[in-house]
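Notes follow once the structure below has been shown.
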Amino acid sequence: MKSKARSQKRSGGTITAIDTSASKENEADTRPIELRGCRVNNLQSIDVDIPRGKLVVVCGLSGSGKTSLALDTLYAEGQRCYIESFSAYTRQYLARLEKPDCDSINGIPPAIAVTRASAVKNNRSTVATATEIAEHVRLLFAKAGDLTCYQCGRKVEIDSPQSVAAEMTDPATQVGRAIVGFEIWLPDRTSAGEILLGLQQEGYLRLILKGETFQLSDDDRRPLARRIGSRGATAIVVVDRLSGQSEQPRWTESLETAMAEGNGRGVVLYEASGAAPESPVESDMSPRTIAVDGREMVQRIVSDRRRCDECDLEFPDPVPRLFNFNHPLGACPTCEGFGDVLRVDMSRVVPDPSLSLREGAIAPWNTPSYSHELDELIDLADDYKIRVDVPFSKLKKSELKKIHGGVPERNFGGLDGFFAWLDRKKYKMHVRVFAARYRSYTTCPTCEGKRFKPEALSYRIDGRNVADVLEMRCDQLDQFLAALEFESHADSGHLTTAESETDSKCETGTDSQLTLAMVAEAHDLRQYTIASEPVRQIRDRLRFLDAVGLGYLQLDRPLRTLSGGETQRIALTSALGSTLVGMLYVLDEPTAGLHPDDVTNLIRTIVELRDRGNTVVAVEHNAQLIAAADHVIEIGPNAGVGGGQVTFQGTPDELKNDSDSVTGEYLADDVGGYERQHAARKPTDFITLRGASGHNLKKIDVEFPLGALCVVTGRSGSGKSSLIHDTLFGAVSRRLSHRRGETPNPDTAQTLPHEGIEGVERIEDCLLVDQSPISRSPRSCPVTFAKAFDEIRKAFAETVDAKIRNFKPGHFSFNSAAGQCTACEGAGVQTVDMQFLADVSMRCPECRGRRYREEVLQVRYRDRTIADVLEMTVGEAYRFFRTMPKAQARLKRLIDVGLDYIHLGQPATTLSSGEAQRLKLAAFLAGTKRRRTLFLMDEPTTGLHFADVERLIDCFNALIADGHSLIVIEHHPMLVQAADWIVEIGPGAADEGGEIVRSERAV
């Protein structure tokens, strides 16, 4: 079958030729990385030479030892050698760090690993923060942002005497008579006398108080005293009287004096001989005018502080941390920079509004612990006209107000009081868990999801604030910055002249007139010059994001919402954004989740990384990346203990011609092939989703076949996950819950908008098998997840040695204090806090990684300890427990989904997303069978070799033969060839996608 499949050619399946020849400029050190006698995990004392400055691909069957070579040996040793160069404080931990089990490792450079687990996934970590774009955006706004008051919309600027003098003397402003002064506060008549005497001694002659000018030298000050009054008043001390024709140096000197006396704040009153001039501060609104001695004069506030006098608002200086939603200076005080807040969700409190209060519409009051709340409500219902026998959805506003707010005179707190009481008791774990069931995240009402304070959002560049910029997609931001650069280049010619003239005149103090236009142009040029470097850094990183196929992502999208492949490519972008040379980059399946059209751009990016003088080692199954490699290493020939050997080293062309290579067979026709054993199955029925319009979906209608393998494909970001995960799964689950009479899962309330769904009655269950981790704890492992460990522990407890020691099955659980190692508590490793570095895990020195106490390890079953069993692969354990049909039945399910090579005790945190999906599928198969189940899967071929993909397809065929249906999001060409029905979403990503390109039965 394979030979026939190799001969078949698919149109469009050829590998795009890419110039990947290594750069000659970076071949200073040509010594290879030499590994001798490597025995890490299942590696069988292999010798490998890895050429430096090359792109090296490590391929082979899943579980053959590729990761053990690339990550557990090369990266681990590179990291250890790097830490060895640190201070003595850091090196004190090195004695406890294990060196990879090799005879020798020579010539290894500092190493950086890019894996799916590299990025921190929390609500504060976004695409922008992970790629360092956010840091440069903050710097851009700190240096080039324009401040506008968020209340009145006036532009707020820092004034300088030179700029104001240029404004007042510019003929275009048409300034007539003018007064320059500063404000003082006269608190009362007694204090005013002393203040005015001091001003007179300093040489000031006049002041303006309540629209009237007074001479400080007047003997009779009674009129002035009457104007001050008993409550005090603000006066303007006159520094100079000028006009628009006055010399500019005089204006400058007077303004400097006024601002110095007024603590950085001065006042200019002037008569506008023509139309009122548009000052930089008040260009958006009409200027303020006051009457002075019966003449209307325009008031112009001059200040060296960022302050809006109309709204009495002081703005902070534009420092980078002001534009950081993870810093208290810039974060919204309500949501603390998260953009959403946790609040009581009435859709969870009242999941079924058709029920009445007596029937238990309020879910938290149906529990035994809090049913007394419902009893109190029913007792007072008649007295306060609350109907308890009508559907909750038909209650009046007055009734809902009492249910929520309570009745204080009857000591009934209502729902608000009930949840407030739970908040006071949240120090108790069970109360905290209970309250969380009825809360959900909603958009912050203060910042409306923008994450920032209003002061931070007041700074704008080309009309956009920092939240607007971070809401853009990567490609949109690149266009926005390109337009800014175009403006700067277009204006740079005449702006340079303006700046030089402005600087020279300010420095020399010549009498030449500075115009307002010259000052504005010089200011703009300075902004463009300062912004040029942050803009360049941002655009470089945006180019890398586009190169790895992520140009459709929004910058403020949280990393926790990305797929495993997207997260890994984000980490790859961070590596590409640096300018490091001479490094060893270890990439773990960088093409995961990529459409074949996007792989070509990714390869060019990886080649660029290599051409800088770095060595790139990629663990990969993708045919395109293997073909682009300079050197290929195949590990095999089988998985687990049957692997760990170097079965091939050489060029991609030599690999294709090697008859002994498993990978070479599948590369013979350039893309790998799959020969269908049967014609495409005809669907037994359809589920129809109508009007799906969430995210970028464009109100589409889709028919999904039942009783067949349906593959949903399309470009990355085209809307596949939005359609399957966020719309179809929620819609089907809610309909099934209503049909069973169950309360819908609160999580399905987040289903994206759609008009309806038909055909759900034709299935009995729906299971979503996505890329989410099985567990975030290393204690979870395949044998526990598949429920096979219970039978194994019982077998050990029934041995003679166990009965003599009175050991029960619990003694053979590493999660039980009865038998676990006391030092590591059954984890087998201990975590060392490396302070400023990432935590380091080391093997427990007490149990040597075996998890159990010594007395437990003395009990043997067929001459194997319980720790020995956990070290077995699934295939080995299946053969070992041949007399235990229950354990074998559960292990057989793991073998059926192609996981026979993983170890029983392998921590779940080390499984790839594809392995995790198949483990979830095996757990379902090992449980109680249900007929007519709809499986929704997300790229299950991640981490699979071509041969393993064939086994997975066979497993899918068995499921369909058993009456189930599968809808799979996938790009792998072999799975697409095996599909019975193909739905393609596109044609592009983000706004260019969201449409049905084709939906048809496979040929």
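Give me the pairs, please: first residue somewhere in segment 43-57 and farther than 14 Å from I33 by Cα, second residue anywhere and assigned to a strand (DSSP E or B), beta-carbon distance under 6 Å, and either six or more positions apart or on two chains.
Close Cβ pairs (under 6 Å, with a partner that is assigned to a strand (DSSP E or B)) amount to Q44/Q645; S45/G37; V57/A618; V57/V632.
Among the residues of segment 286-303, which ones are buried (at least 17 other Cβ atoms within 10 Å of the Cβ) and either among the basic types (K, R) or in a loop (DSSP other than H, G, I, E, B) (or both)?
The one that is buried (at least 17 other Cβ atoms within 10 Å of the Cβ) and either among the basic types (K, R) or in a loop (DSSP other than H, G, I, E, B) (or both): R300.
From I774, I757, which residue is in contact with a Leu (Cβ under 8 Å, 6 or more places away or on another chain) and either in the same structural domain as L857 (by TED's automatic domain parsing) or in a loop (DSSP other than H, G, I, E, B) (or both)?
Numbers: I757 fails: either in the same structural domain as L857 (by TED's automatic domain parsing) or in a loop (DSSP other than H, G, I, E, B) (or both).
The match here is I774.
Cβ-Cβ under 6 Å, sequence separation 6+ or interchain: first residue in segment 303-323 and without any contact (Cβ under 8 Å) to a residue 40 or more places away in the chain, partner in a strand (DSSP E or B). Which pairs?
Every condition considered, the pairs that remain are D309/I301; E314/R307.
Select, from R437, R432, R387, R410, the only residue that is in contact with a Phe, Trp or Tyr (Cβ under 9 Å, 6 or more places away or on another chain) and surrounded by 12 or more Cβ atoms within 10 Å (Cβ to Cβ). Full working, then the answer.
On the way: R437 fails: in contact with a Phe, Trp or Tyr (Cβ under 9 Å, 6 or more places away or on another chain); R432 fails: in contact with a Phe, Trp or Tyr (Cβ under 9 Å, 6 or more places away or on another chain); R387 fails: in contact with a Phe, Trp or Tyr (Cβ under 9 Å, 6 or more places away or on another chain).
Going through R437, R432, R387, R410 in turn, just one is in contact with a Phe, Trp or Tyr (Cβ under 9 Å, 6 or more places away or on another chain) and surrounded by 12 or more Cβ atoms within 10 Å (Cβ to Cβ): R410.
Just for segment 711-745: of the residues that are of a type in the set (A, V, I, L, M, F, W, C) and within 14 Å of I985 (Cα to Cα), which one is surrounded by the most Cβ atoms within 10 Å (Cβ to Cβ)?
So, considering only residues that are of a type in the set (A, V, I, L, M, F, W, C) and within 14 Å of I985 (Cα to Cα), the one surrounded by the most Cβ atoms within 10 Å (Cβ to Cβ) is L723.
Each row is one residue, and each column tells you yes or no for (1) assigned to a helix (DSSP H, G or I); (2) surrounded by fewer than 23 Cβ atoms within 10 Å (Cβ to Cβ); (3) under 42 Å from the mean Cα position of the chain (by Cα).
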{"residue": "L139", "(1), (2), (3)": "yes, yes, yes"}
{"residue": "A142", "(1), (2), (3)": "yes, yes, yes"}
{"residue": "L147", "(1), (2), (3)": "no, yes, yes"}
{"residue": "C152", "(1), (2), (3)": "no, yes, yes"}
{"residue": "D159", "(1), (2), (3)": "no, no, yes"}
{"residue": "A166", "(1), (2), (3)": "yes, no, no"}
{"residue": "G176", "(1), (2), (3)": "no, yes, no"}
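Report yes if F648 is in contact with a Leu (Cβ under 9 Å, 6 or more places away or on another chain), more than 22 Å from D954 (Cβ to Cβ) and not assigned by TED's automatic domain parsing to the domain that holds A70, otherwise no. Lay out the reasoning, then the answer.
Numbers: in contact with a Leu (Cβ under 9 Å, 6 or more places away or on another chain): yes; more than 22 Å from D954 (Cβ to Cβ): yes; not assigned by TED's automatic domain parsing to the domain that holds A70: no.
It is false that F648 is in contact with a Leu (Cβ under 9 Å, 6 or more places away or on another chain), more than 22 Å from D954 (Cβ to Cβ) and not assigned by TED's automatic domain parsing to the domain that holds A70.
Does A592 count as out of contact with any helix residue (DSSP H, G or I) (no Cβ under 6 Å at 6 or more places or on another chain), under 20 Å from G63 (Cα atoms) and of a type in the set (G, A, S)?
No, not satisfied.
Among all residue pairs at least 6 apart or on different chains, which show Cβ distances below 8 Å where the first residue, located in segment 245-273, is surrounded by fewer than 18 Cβ atoms within 10 Å (Cβ to Cβ) and the second is part of a helix (DSSP H, G or I) and basic (K, R)?
Sorted first by the residue in segment 245-273, then by its partner, the list stays empty.
State yes or no: is A627 closer than 17 Å to C59 by Cα and either touching a strand residue (DSSP E or B) at 6+ places or on another chain (Cβ under 8 Å) or surrounded by 18 or more Cβ atoms within 10 Å (Cβ to Cβ) (or both)?
Yes: the conditions hold for A627.
Which of the residues spanning segment 56-89 are part of a strand (DSSP E or B) and within 24 Å of D900 (Cβ to Cβ)?
Residues satisfying the conditions are V58, C59, G60.
Only one of these conditions is not met by G53: (1) modelled with pLDDT of 85 or more; (2) in a loop (DSSP other than H, G, I, E, B); (3) over 19 Å from L625 (Cα atoms). Which number is it?
Just one mismatch for G53, condition (3).
Hey, which of the strands (runs of 3 or more DSSP E) in segment 907-1003, taking only ones fully inside, have at least 1 residues that are polar (S, T, N, Q)? Spell out the reasoning first.
Working: elements: 933-938, 965-969, 981-986, 995-1001.
In segment 907-1003, the matching strands (runs of 3 or more DSSP E) lie at 933-938, 965-969, 995-1001.
Got a sec? Which of E282, E314 is surrounded by fewer than 13 Cβ atoms within 10 Å (Cβ to Cβ) and modelled with pLDDT under 90? Before the answer, list the steps.
Working: E282 fails: surrounded by fewer than 13 Cβ atoms within 10 Å (Cβ to Cβ).
Sole residue among the options that is surrounded by fewer than 13 Cβ atoms within 10 Å (Cβ to Cβ) and modelled with pLDDT under 90: E314.
D868 fails exactly one of the following numbered conditions: (1) in a helix (DSSP H, G or I); (2) in contact (Cβ under 8 Å) with a residue 12 or more places away in the chain; (3) surrounded by fewer than 20 Cβ atoms within 10 Å (Cβ to Cβ). What is the number of that condition?
(2)
Just the residues that are within 16 Å of G198 (Cβ to Cβ) and not in a loop (DSSP other than H, G, I, E, B), please, taken from segment 216-235.
Passing the criteria: L224, I228, A235.
Could you check segment 668-714 and list, in sequence order, the residues that are modelled with pLDDT under 90 and hydrophobic (A, V, I, L, M, F, W, C)?
Listed by number, the residues that qualify are A668, V671, A679, A680.
Taking segment 790-804 as the search range and keeping residues that are touching a residue at least 60 places away in the same chain (Cβ under 8 Å) and out of contact with any strand residue (DSSP E or B) (no Cβ under 8 Å at 6 or more places or on another chain), which one is surrounded by the most Cβ atoms within 10 Å (Cβ to Cβ)?
Checked segment 790-804; the qualifying residue surrounded by the most Cβ atoms within 10 Å (Cβ to Cβ) is I792.
Report whether or not A916 is outside the structural domain of D770 (by TED's automatic domain parsing) and either touching a helix residue (DSSP H, G or I) at 6+ places or on another chain (Cβ under 6 Å) or small (G, A, S) (or both). Steps first, answer last, please.
Working: outside the structural domain of D770 (by TED's automatic domain parsing): no; either touching a helix residue (DSSP H, G or I) at 6+ places or on another chain (Cβ under 6 Å) or small (G, A, S) (or both): yes.
When the stated conditions are applied, A916 does not pass them.
Does G927 fit the bill of being surrounded by fewer than 20 Cβ atoms within 10 Å (Cβ to Cβ) and either within 35 Å of the chain's Cα centre (by Cα) or modelled with pLDDT under 90 (or both)? Explain how you work it out, then say what you get.
Working: surrounded by fewer than 20 Cβ atoms within 10 Å (Cβ to Cβ): yes; either within 35 Å of the chain's Cα centre (by Cα) or modelled with pLDDT under 90 (or both): yes.
Yes: the conditions hold for G927.
Within segment 871-905, how many residues turn out to be buried (at least 17 other Cβ atoms within 10 Å of the Cβ) and free of Cβ contacts under 8 Å to residues at least 12 places away in the same chain?
1
Out of segment 310-324, which residues are touching a Lys or Arg at 6+ places or on another chain (Cβ under 9 Å) and either among the charged types (D, E, K, R) or in a helix (DSSP H, G or I) (or both)?
Those that are touching a Lys or Arg at 6+ places or on another chain (Cβ under 9 Å) and either among the charged types (D, E, K, R) or in a helix (DSSP H, G or I) (or both): E310, E314, D317, P320, R321, L322, F323.
Name the residues in segment 844-884 that are β-branched (V, I, T) and out of contact with any His (no Cβ under 7 Å at 6 or more places or on another chain), would you? Quick ask: steps written out before the conclusion?
Residues of segment 844-884 β-branched (V, I, T): 856, 859, 865-866, 869, 873-874, 883.
Within segment 844-884, V859, T865, I866, V869, V874, T883 meet the criteria.
Restricting attention to segment 58-83, report how many residues are touching a helix residue (DSSP H, G or I) at 6+ places or on another chain (Cβ under 9 Å), crowded, with 22+ Cβ neighbours inside 10 Å and free of Cβ contacts under 8 Å to residues at least 60 places away in the same chain.
Residues flagged as touching a helix residue (DSSP H, G or I) at 6+ places or on another chain (Cβ under 9 Å), crowded, with 22+ Cβ neighbours inside 10 Å and free of Cβ contacts under 8 Å to residues at least 60 places away in the same chain within segment 58-83 amount to 0.
The values are calculated or read from the model by the stated rules, or taken from the named source; none is laboratory data. Keep in mind it's a predicted model, so treat the numbers as computed, not measured. Glycine also receives a Cβ, built like all others from the backbone with ideal geometry; neighbour counts cover every protein chain displayed.
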